[in-house]
Amino acid sequence: MMQFLRKNRLPSTSGPILLFDMGGTKMRAAVCRDGVTLEEPVVAPNIQDFDQAMKLAGELGARALNGESPRLVVVGIAGILASGGTTLYSSPHLPLWSEKPLVEKMRDMFMCPIRLENDAALAGLGEAVYGAGRGHPIVAYLTVSTGIGGARIVEGRIDMKAVGFEPGHQVVDMNTFDAEGKGELETLASGSAIERRFNIAPKYLSDAKIIGELAHTLAVGVTNTILHWSPDVVVMGGSIMLGENSIPIRDVERMVREHLNFLPRTPAFALAKLGDAAGLHGALAYALKSK
């Protein structure tokens with residue numbers, strides 16, 4: 001048990017909301033004390049070892065809470081959830097966390113209810129409520145970074161799902177489709193795909209032909225997503241869309257609109273606005289909706 005927690009402490013019915021974004025490379029924690037304001041997050045490199053990562057979560061949480069006890073903890077995590085949303089089923093970025101008792105460990109540390117959700121879904125919720133999707137009833141959010149993720153947000157809530165949203169695993173090339181994930185959007189147009197396919201770090205991408213090919217591949221995936229989710233707006237984020245030498249969203253939009261000319265209207269397109277804080281903003285929106 002972490003030293004900053006008393007073993008016999010009762011669950012808090014008031015106090016701040018503690019928010020986590022546990023990505024493949026970084027762990028972020030922040031607090032909301034007034035139901036509106038997201039305080040400055042504390043950030044550290046994430047840890048692959050599960051027990052060490054839980055120790056880190058306790059330390060970051062304590063720094064963010066500054067001696068207070070949380071009434072609720074919301075955690076965004078990179079991967080597919082299982083066991084009713086209490087464990088991580090699989091994650092390419094945090095493989096050693098799979099099927100570990102994440103919610104149980106955090107409940108023991110913070111002595112309050114714990115809510116676990118996919119990190120891309122929370123980032124999408126953040127953009128829908130506070131960012132580029134604000135004011136649109138149905139938001140399709142796609143983040144194109146090391147991998148590709150996203151979610152459908154309806155009226156300020158993450159839409160219902162049987163397992164989870166995984167738009168990055170949609171098949172966009174039927175000729176290479178196999179059990180290893182070939183032919184998927186993520187294996188063809190993500191940051192890791194760029195490094196593997198073209199032997200170049202995404203931030204150094206400058207070849208117009210390669211950028212055009214990636215935009216075309218993303219346009220196929222976005223087209224499928226629009227046809228399946230029927231959104232009012234498509235919000236695209238992640239380093240591949242927002243960083244240096246990024247893929248122009250207007251090129252993706254143009255190709256999508258050309259293909260979907262049979263529809264009476266097509267959704268608006270927008271770049272994400274909240275940056276690295278999107279997941280924490282989404283965790284706050286999730287917490288407030290779950291009250």
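The values are calculated or read from the model by the stated rules, or taken from the named source; none is laboratory data. Given the structure is predicted, the values throughout are model-derived calculations rather than measurements. Quick reminder, even Gly has a Cβ in these numbers, built from the backbone with ideal geometry, and neighbours come from all protein chains shown.
Odds and ends about this structure:
Every residue, every condition in (1) of a type in the set (A, V, I, L, M); (2) assigned by TED's automatic domain parsing to the domain that holds Met106; (3) within 26 Å of Val144 (Cα to Cα); (4) part of a loop (DSSP other than H, G, I, E, B), yes or no:
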site: Glu40; (1), (2), (3), (4): no, yes, yes, yes
site: Ile47; (1), (2), (3), (4): yes, yes, yes, yes
site: Gln52; (1), (2), (3), (4): no, yes, no, no
site: Lys55; (1), (2), (3), (4): no, yes, no, no
site: Gly58; (1), (2), (3), (4): no, yes, no, no
site: Gly67; (1), (2), (3), (4): no, yes, no, yes
site: Val74; (1), (2), (3), (4): yes, yes, yes, no
site: Leu81; (1), (2), (3), (4): yes, yes, yes, no
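- Checked against (1) in a helix (DSSP H, G or I); (2) crowded, with 21+ Cβ neighbours inside 10 Å; (3) under 19 Å from the mean Cα position of the chain (by Cα); (4) touching a residue at least 24 places away in the same chain (Cβ under 8 Å), Phe165 passes all but condition (1).
- Test: residue in the range 183-205 that is of a type in the set (D, E, K, R), assigned to a loop (DSSP other than H, G, I, E, B) and without any contact (Cβ under 8 Å) to a residue 40 or more places away in the chain: no
- Taken together, the residues in the range 262-291 that are touching a helix residue (DSSP H, G or I) at 6+ places or on another chain (Cβ under 7 Å) and in a strand (DSSP E or B) amount to 2.
- Top-ranked residue in the range 107-162 [being assigned to a loop (DSSP other than H, G, I, E, B) and of a type in the set (S, T, N, Q); ranked as farthest from Leu271 (Cα to Cα)]: Thr146
- For the range 1-38, the set of residues classified as over 28 Å from Thr146 (Cβ atoms), in contact with a Leu (Cβ under 7 Å, 6 or more places away or on another chain) and modelled with pLDDT under 95 consists of Gly35 only.
- Gly35 being touching a residue at least 24 places away in the same chain (Cβ under 8 Å) and either crowded, with 16+ Cβ neighbours inside 10 Å or assigned to a helix (DSSP H, G or I) (or both): no
- One residue stands out in the range 222-252 among those that are surrounded by 14 or more Cβ atoms within 10 Å (Cβ to Cβ) and either without any contact (Cβ under 8 Å) to a residue 24 or more places away in the chain or touching a His at 6+ places or on another chain (Cβ under 8 Å) (or both): the one that is farthest from Gly191 (Cα to Cα), namely Asp232.
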